[in-house]
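The values are calculated or read from the model by the stated rules, or taken from the named source; none is laboratory data. Computed from a predicted model, the values in this text were never measured in an experiment. No Cβ is skipped: glycine too gets one built from the backbone with ideal geometry, and neighbour counts run over all protein chains shown. With ligands, DNA and RNA removed, areas are computed over all heavy atoms of the protein, side chains included. Shrake-Rupley method; radii C 1.70, N 1.55, O 1.52, S 1.80 Å.
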Amino acid sequence: MNSKIKSVLELKQVYKHYYQGEQKLDVLQGVDLAIASHEVVALIGPSGAGKSTLLQITGLLDHPNKGKVILDGEDCSAANDGIRTALRRDYLGFVYQYHNLLSDFNALENVMLPQLIAGVKYTAAKEKAEWLLGRLGLKERIFHRPAELSGGEQQRVAIARSLANTPKLLLADEPTGNLDPHTSDNVFLALLDIVKETGLSALIATHNMELAGKMDRQLLLKDGKLIDLRPSKRIKESKNFY
């Protein structure tokens, strides 16, 4: 990556371990990562490799045992809970396998709420939510509650919600993992389209090598280390990932 391009995210020598009884489990072992502005990066690797742990640390939801997490040039490693909460609200967007929508609110309201909490005026929040939902093919479904939407539609609402406050960095953890293959591909491609259209950066964990290949870069998390996959290695090595 060109050193002159500013990174929206940097991880420097990040270590993370857990204990199961007296047994120490080393999940991340000196992970280094830099994501540039407007770059969309795939995070791949076998189940249990630590992809979710890496995303949680990146999203300031967990602390590394050692190392630095730098967002937009600011070291957030020692930030207090108040600062971390504000950064998650203003700087980061999250998409998970399960949509976690609020069942008592319709699609439009689910996407408006994060904006209203952040202090955006009602009219502006509504316009932004309508644009995002329309861009994701839900123009005719904005007044439906989650229970009235299909799984793919619910996940599209979750994606719209994650983008509502115009984050600089989107973190997605297997965002289509609970969907059937056809719906998964459609939702994933819609996510990539809107991420690139809005110009934000993204780190997206996925098991789908074909979809991972559509991103700017592919990183393999294996044995606690990140490996930057070059095009010539993708097909050959992907057979041994899982």
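Scanning the stretch 194-209 for residues that are farther than 23 Å from T53 by Cβ and in contact with a helix residue (DSSP H, G or I) (Cβ under 8 Å, 6 or more places away or on another chain) turns up I194, E197. The condition (being under 20 Å from the mean Cα position of the chain (by Cα), modelled with pLDDT of 90 or more and open to solvent by 30 Å² or more (accessible area, probe 1.4 Å)) is satisfied by just one residue among R135, R161, R145: R161. Restricting attention to the stretch 49-59, the residues being touching a Leu at 6+ places or on another chain (Cβ under 6 Å) and either open to solvent by 30 Å² or more (accessible area, probe 1.4 Å) or part of a loop (DSSP other than H, G, I, E, B) (or both) number 3. Every residue in the stretch 109-148 that is over 26 Å from L87 (Cβ atoms) and either among the polar types (S, T, N, Q) or touching a His at 6+ places or on another chain (Cβ under 9 Å) (or both), please. Scanning the stretch 109-148 gives T123, L138, P146.
The set of residues in the stretch 209-233 being open to solvent by 50 Å² or more (accessible area, probe 1.4 Å) and assigned to a loop (DSSP other than H, G, I, E, B) consists of K214, D216, D223, R230.
Sub-9 Å Cβ pairs linking a first residue in the stretch 116-132 that is at negative phi to a second residue that is open to solvent by 50 Å² or more (accessible area, probe 1.4 Å) and not in a helix (DSSP H, G or I), at least 6 apart or interchain, are K128/V120; K128/T166, ordered by first then second residue. S184 passes every criterion in (1) out of contact with any Ser or Thr (no Cβ under 6 Å at 6 or more places or on another chain); (2) assigned to a helix (DSSP H, G or I) apart from (1). Please work out if E109 is among the acidic types (D, E), surrounded by fewer than 18 Cβ atoms within 10 Å (Cβ to Cβ) and without any contact (Cβ under 8 Å) to a residue 24 or more places away in the chain. Here the answer is no, as E109 does not meet what is asked. The residues of the stretch 65-85 that are assigned to a helix (DSSP H, G or I) and open to solvent by less than 30 Å² (accessible area, probe 1.4 Å) amount to a single one, R84. Here E140 fulfils each of the conditions (1) surrounded by fewer than 20 Cβ atoms within 10 Å (Cβ to Cβ); (2) outside any helix (DSSP H, G or I) apart from (2). Summed over the stretch 164-194, the residues that are surrounded by 22 or more Cβ atoms within 10 Å (Cβ to Cβ) and β-branched (V, I, T) give a count of 2. Of all residues in the stretch 72-98, how many are in contact (Cβ under 8 Å) with a residue 40 or more places away in the chain and closer than 25 Å to F188 by Cα? Qualifying residue count, the stretch 72-98: 10.
A count restricted to the stretch 5-48 and to residues that are closer than 15 Å to I204 by Cα, of a type in the set (D, E, K, R) and loosely packed, with under 14 Cβ neighbours inside 10 Å stands at 0. When restricted to residues that are open to solvent by 60 Å² or more (accessible area, probe 1.4 Å), in a helix (DSSP H, G or I) and at pLDDT 95 or above, the stretch 117-129 contains 4.
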